[in-house]
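Shown next, in structure tokens, is the structure this report addresses.
The values are calculated or read from the model by the stated rules, or taken from the named source; none is laboratory data. Quantities reported herein were computed from a predicted structural model and do not represent experimental measurements. Note that we place each Cβ from the backbone using ideal geometry, even for glycine, and neighbour counts take in every protein chain shown. Accessible surface areas use protein heavy atoms only, side chains included; no ligands, DNA or RNA. Shrake-Rupley method; radii C 1.70, N 1.55, O 1.52, S 1.80 Å.
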Amino acid sequence: MAAFVGCHLSWRIRSTTPRDASHSPAIKSPFVLLCCADASPQRRVLVTGAAGFIGFHTALRLAQRGDQVVGLDNFNPYYDVQLKRDRVKQLQLQAPQVTVVEGDITDEPALRRLFDTHRFTHVLHLAAQAGVRYSLEHPLEYVRSNCDGFVKVLECCRRQQQSRQPTLVYASSSSVYGLNQQVPFREEDAVNQPASLYAVTKRMNELAAHAYHHLYGLSVIGLRYFTVYGPWGRPDMACYAFAEAMRAQQPIELYQAGDVEPCRDFTFIDDAVSGTVAALDYGAACEVFNIGNHRMEPLRALVHALERELGVTARKVLVGRQPGDVPRTYANLDKSQRLLGYQPTVSLDEGIRRFVAWYRAYHGSSTTSTVRLVQSE
């Protein structure tokens, strides 16, 4: 791994709530950090959602190239919290100079203290309530985190007028394209047919960011991520969920409506991180970019790749399309390539090979059984 070439910071923690010593030493709580080193001329980057999938990988990439990184995460139990804490432990092993603060973006006073202490030059906002289907049953969680929390991050960026407003790069989603039929999806396409509340909240982020740019001159860049997968991924997404089911010899459900087979633009995590870092470096006034792979692949291609790498035959059960689902996603990358120099390089087959290698190591087991192929009517 590349060595960290920036300045180290000495941290003094003001704590009001004791924490169990078993927690990772990288995690500081309760959301108050006082910087004891002199201000550094280098980039100071806040990464919200730093214990999340993309946040963890990007924080590591930024630290390894010399950026001063502070992470923030509330360790939401939407999926396995231990996986999030393990990511932070891995981050601490590979980049011990990164500090991850445990806290919530909706805690406005604490968020303001964090901004006032560090005077960030860049903010990478990845914290959000994720998941399309979960939004059907828990809509208010999405409004709280994705809307209220996002505006509070915008407000903290705006308040830094006394020095220099940070560049804000935030996670949007390919979900904003909703029920659009024309592919590949282009950034200039109309996005007024959302298929889920999750998509609505991500589109709200784009509109709010535009308003803050117009009103206050804030530099804002939204990234429409397309089905990111890879090592340390999210267990609620197809790649990880299918691997878990196949490992346990359980059936996997493939959603299909009539003759329409769902297709996705699968983006390997290393490519997504490269696009994210490029957006942080670009510093546009107000833009949105697609971060995808520019390959529309059927879900069966994902399943076949997993079968090959895991050495099993999946038990496939076809079910109807679920509420909130869209039939296809496919990213046009002309704008991202032209302005960011973004060029994904990892194919689905290669990405699944890398994912399964990590999956076997993380779970400490090998799957070699073969199970019967089942297909419903």
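Observations on the structure shown:
- Close Cβ contacts (under 9 Å, 6 or more residues apart or on different chains) running from residues in the stretch 288-312 that are in contact (Cβ under 8 Å) with a residue 60 or more places away in the chain to residues that are in a strand (DSSP E or B) and of a type in the set (S, T, Y) comprise N290/Y225; I291/Y225; I291/T267; G292/Y225; G292/T267; N293/T267; L299/Y255; L302/Y229.
- Pair list, Cβ under 9 Å, 6 or more apart: the stretch 40-62 residue part of a helix (DSSP H, G or I), other residue of a type in the set (S, T, N, Q) and buried (at least 22 other Cβ atoms within 10 Å of the Cβ): I54/T276; G55/T48; H57/T276; T58/T276; R61/T276; L62/Q68
- Of the residues screened, P96 is one that is more than 19 Å from A128 (Cα to Cα), open to solvent by 60 Å² or more (accessible area, probe 1.4 Å), assigned to a loop (DSSP other than H, G, I, E, B) and at pLDDT 80 or above.
- Residue match in the stretch 207-226 (condition: in contact with a Ser or Thr (Cβ under 8 Å, 6 or more places away or on another chain) and of a type in the set (G, A, S)): yes
- Meets criteria (more than 16 Å from G55 (Cα to Cα), in contact with a helix residue (DSSP H, G or I) (Cβ under 7 Å, 6 or more places away or on another chain) and in a helix (DSSP H, G or I)) for Q165: no
- Restricting the first member to the stretch 111-127 and to residues that are aromatic (F, W, Y), and the second to residues that are open to solvent by less than 20 Å² (accessible area, probe 1.4 Å) and at pLDDT 95 or above, the beta-carbon pairs closer than 7 Å and six or more apart or on different chains are F115/C156; F120/V45; F120/L46; F120/P166.
- Residue within the stretch 278-285 that is modelled with pLDDT of 95 or more, under 15 Å from the mean Cα position of the chain (by Cα) and either among the aromatic types (F, W, Y) or under 27 Å from V183 (Cβ atoms) (or both) present: yes
- Complete set of residues in the stretch 317-339 that are open to solvent by 20 Å² or more (accessible area, probe 1.4 Å) and farther than 30 Å from P139 by Cα: D334, K335, Q337, R338, L339
- Screening the stretch 178-213 for residues that are among the polar types (S, T, N, Q) and either in a helix (DSSP H, G or I) or touching a residue at least 40 places away in the same chain (Cβ under 8 Å) (or both) and picking the one that is surrounded by the fewest Cβ atoms within 10 Å (Cβ to Cβ) gives S196.
- Residue in the stretch 196-203 that is within 15 Å of F53 (Cα to Cα) and either among the acidic types (D, E) or touching an Asp or Glu at 6+ places or on another chain (Cβ under 9 Å) (or both) present: no
- Only a single item in (1) more than 22 Å from Y225 (Cβ to Cβ); (2) within 20 Å of the chain's Cα centre (by Cα); (3) not in a helix (DSSP H, G or I) is not met by R85, and it is number (3).
- In the set (1) closer than 30 Å to D236 by Cβ; (2) at pLDDT below 95; (3) surrounded by fewer than 21 Cβ atoms within 10 Å (Cβ to Cβ); (4) not aromatic (F, W, Y), the condition left unmet by A26 is number (3).
- Single match in Y229, Y216 (criterion: in contact with a Lys or Arg (Cβ under 6 Å, 6 or more places away or on another chain) and either of a type outside the set (S, T, N, Q) or open to solvent by less than 20 Å² (accessible area, probe 1.4 Å) (or both)): Y216
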